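Visitor: Shown below is the structure under consideration.
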Amino acid sequence: MYPFLFKPILKEIIWGGTDIRPFKGLPPGGEKIGESWELSHVEGNWSEVANGTLAGQTVDDLIRRYGAALLGEKVMRQFGTVFPLLIKFIDARDDLSIQVHPDDELARKRHGSFGKTEMWYVVKASPGAALLSGFSRRIDADEYVRRVADNSLTDVLQRYAVAPGDVFFLPAGRVHAIGTGCFIAEIQQTSNITYRIYDYNRRDADGNARELHVDLARDAIDYTPYPDYRTAYAPAENEPVRLVECKYFTTNLLSADKTLKRDFSTLDSFVVFILTEGSALIRDSGGNELAVRQGQTVLFPAAVQWVEVVPSPHVKLLETYV
C-alpha cells in the first residue's frame, strides 16, 4: 500500500458555487458545484483511487483487500468494514437549509445507519459570510414546531460571522446551517441521514417545495443552549494544533513552513490529510513519496509508521484519524 489520492465526486446542487474546481485545480465547468466528496464510503458514492497501481479500485475494494492494515484493528472493532469518515469540501453561494442529524442510536433504530457527528473548518469566507449553529436560548419541542410553521426558527438560532480558520464542532442533535459565502472543509461520520427542518420556503426549478422532516427532527434535536458554539484554539506554526477530539474522529491543524514529521506508530488508525492551502512533498515509512497541493485529500493506511511533510514553501492541512 501507499498514500492514496481519490477522484473527487462532484455534486451539482442548486445552492452551489464555482470555487471548488479552481480550488482543486480542476478544469473549469459551468455547473454549480456545491460539494466535492473527497473520500466516501457512502452507498452509491464510493471513492475511487486516482493514483498508483491501485488506481480505479474503490475504497470498498481497499477495505476488503487490506482490512486492518488499512483501517486499523481498533477502527474495525468500532466500525466494522465501513470506512467511518466522509470528507467533503462545500461551496455555498446561497444559504443551505437548516438541518439536524440523528445520533447513532436513533439513526440505527430508524434507518439502519450510523448517526452523523461532524465538524466544519472554514477555508474561505466572502465578506458578510455567516453560519448558524445551535440555539441562542432554551426552547422546547413544541416551540420548535411552532417556529418552523411561522417562519421564525432563525430568531432562536445562534448566528456567527465567519473567517478563514474558524472551527465548529457539530455533535449529532445540533441544529445548524451553512450560509452564503462559506467555503468549508467538512469531516463527518459516514452517514447520509439529514433531517431538513427549514428551507426558507424555497422552490426548486420545477416549482416544488423541498421535502422537510420536521417531525423526524423533533426527537433528534438537542434543545440545550450553550454559551458559544465555536471551537476555540490557538494557532501555531510547525506543530500540530488540536481542533476536535471525539469518539468518531480527532482532527489537528498543521500549518508549516519547515519539515514536519508525524509519528503514527502507536495510533492503530488510518490517517487523512486534507490540504487547505499551499503544497508539500510527503514521504512515509514505506519509502513512498507524493507531491500534494491545495484541494487534495490523502489517505494513509494504518500500517504507516510515520509521515514526513516537506512544505514547498508553505502548507496548511487538516490531519484526521480515529
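The values are calculated or read from the model by the stated rules, or taken from the named source; none is laboratory data. Here the structure is a predicted model, which means the values were calculated and not measured. Neighbour counts are summed over all protein chains in view; Cβ atoms, including those assigned to glycine, are modelled from backbone coordinates with ideal geometry. These accessible areas exclude ligands, DNA and RNA; they are computed on the full protein's heavy atoms, side chains included. Shrake-Rupley method; radii C 1.70, N 1.55, O 1.52, S 1.80 Å.
Visitor: Could you work out the longest stretch of the chain that avoids the GluC sites (Glu not before Pro) located in DSSP loops with at most 16 other Cβ atoms within 10 Å?
Guide: Here the longest segment lacking exposed loop sites spans 44-210.
Visitor: Per Stokes-Einstein, at 25 °C and 0.890 mPa s, what whole-number D in µm² s⁻¹ belongs to the range 198-322, with the Kirkwood radius over Cα pairs as the hydrodynamic radius?
Guide: Values: Rh = 17.4 Å.
Approximately 141 µm²/s, per Stokes-Einstein.
Visitor: Which is farthest toward the positive dipole end of the range 1-128 among 75, 102, 86, measuring Cα position about the Cα centre, with Cβ charges +1 (Lys, Arg) and -1 (Asp, Glu)?
Guide: The residue sitting most towards the positive pole is 75.
Visitor: Shifting gears a bit: In debye, nearest 20: dipole of the range 1-68 around its Cα centre with unit charges on the Cβ of K, R (+) and D, E (-)?
Guide: Using Cβ point charges on Lys, Arg, Asp and Glu, the range 1-68 gives about 140 debye.
Visitor: Here is a further query. So what is the calculated 222 nm ellipticity per residue for the chain, using -39500 (n - 2.57) for each DSSP H run with n of 4 or more, over all residues, to the nearest 500 deg cm²/dmol?
Guide: -3500 deg cm²/dmol
Visitor: Can you tell me which of 53, 154, 190 moves the most in a GNM of the chain? Springs connect C-alpha atoms under 10 Å apart.
Guide: Result: 53 has the largest fluctuation of those listed.
Visitor: Label points 7 Å out from Cα along the Cβ direction at residue 258 and residue 312: separation in nm?
Guide: With each label point 7 Å from Cα toward Cβ, the separation is 2.1 nm.
Visitor: Next up: For the pair residue 247 and residue 201, how long in nm is the line joining their label points, each one 7 Å along Cα→Cβ?
Guide: So the label points at residue 247 and residue 201 sit 4.2 nm apart.
Visitor: Projecting each Cα onto the charge dipole of the range 42-162 (Lys/Arg +1, Asp/Glu -1 at the beta carbon, about the Cα centre), which of 66, 55, 153 comes out farthest on the positive side?
Guide: Among 66, 55, 153, the one farthest towards the positive end of the dipole of the range 42-162 is 66.
Visitor: State the percentage of accessible surface on the range 148-200 attributable to carbon and sulfur atoms; use a 1.4 Å probe and exclude ligands, DNA and RNA. Write down the numbers at each step before the final one.
Guide: Values: 740 of 1610 Å².
Solvent-exposed carbon and sulfur of the range 148-200 make up 46 percent of the total.
Visitor: Quick check for me: using +1 on Lys/Arg Cβ and -1 on Asp/Glu Cβ, what's the dipole size of the range 62-173 about its Cα centre, in debye to the nearest 20?
Guide: Using only the charged Cβ atoms, the result is roughly 520 debye.
Visitor: If you keep only loop residues by DSSP, which trypsin sites (Lys or Arg not before Pro) in the range 114-161 have at most 16 other Cβ atoms within 10 Å of their Cβ?
Guide: 137, 138
Visitor: Still on this structure, I have one more. Shape call for the range 1-130 from the C-alpha gyration tensor, a ≥ b ≥ c root eigenvalues: rounded (a/c under 1.5), prolate (a/b greater than b/c) or oblate? Don't skip to the end; give the middle numbers.
Guide: Numbers: a/c = 2.30, a/b = 1.27, b/c = 1.81.
Since a/c reaches 1.5 but b/c is at least a/b, the shape of the range 1-130 is classed as oblate.
Visitor: Using Cα pairs closer than 8 Å and at least 6 residues apart in sequence, work out the relative contact order for the range 220-266, in percent.
Guide: Computed value for the range 220-266: 28 percent relative contact order.
Visitor: Which of 44, 112, 179 ends up with the largest GNM mean-square fluctuation for the chain, with Cα atoms connected below 10 Å?
Guide: Comparing 44, 112, 179 in a Gaussian network model of the chain, the most mobile one is 44.
Visitor: For the range 195-236, give the magnitude of the charge dipole about the Cα centre (Cβ charges: +1 Lys/Arg, -1 Asp/Glu; no others), in debye to the nearest 20. Before the final figure, lay out each step's value.
Guide: Details: 6 positive and 8 negative charges, 31 e Å.
Value, rounded to 20: 140 debye.
Visitor: For the chain, what does the relative contact order come out to in percent, with C-alpha contacts under 8 Å and a separation of six or more?
Guide: Contact order relative to length: 19 percent.
Visitor: Could you report the range 81-208's accessible area per residue, 1.4 Å probe, as an integer in Å²?
Guide: Working: 4920 Å² over 128 residues.
Here the per-residue accessible area is 38 Å².
Visitor: Okay, next question. Pick from 28, 240, 164 the residue whose mean-square fluctuation is largest in a GNM of the chain, springs joining Cα atoms under 10 Å.
Guide: Residue with maximal mean-square fluctuation among 28, 240, 164: 28.
Visitor: Are there DSSP H segments in the chain that both extend 30 Å or more along their axis (alpha-carbon positions) and score a mean Kyte-Doolittle hydropathy of at least 0.5? List them, or say none.
Guide: Values: long enough: none.
Qualifying helices: none.
Visitor: Distance in nm between label sites at residue 143 and residue 238, each 7 Å beyond Cα in the beta-carbon direction?
Guide: A separation of 5.1 nm, rounded to one decimal place.
Visitor: Report the relative contact order of the range 211-291, percent, no decimals, based on alpha-carbon pairs under 8 angstrom and at least 6 residues apart.
Guide: Working: 54 pairs, mean separation 12.1, N = 81.
So the answer I get is 15 percent.
Visitor: Could you sort out which of 24/116; 7/261; 7/247; 88/316 sit more than 19 Å apart by Cα distance in this structure?
Guide: Beyond 19 Å between Cα atoms: 24/116; 7/261; 7/247.
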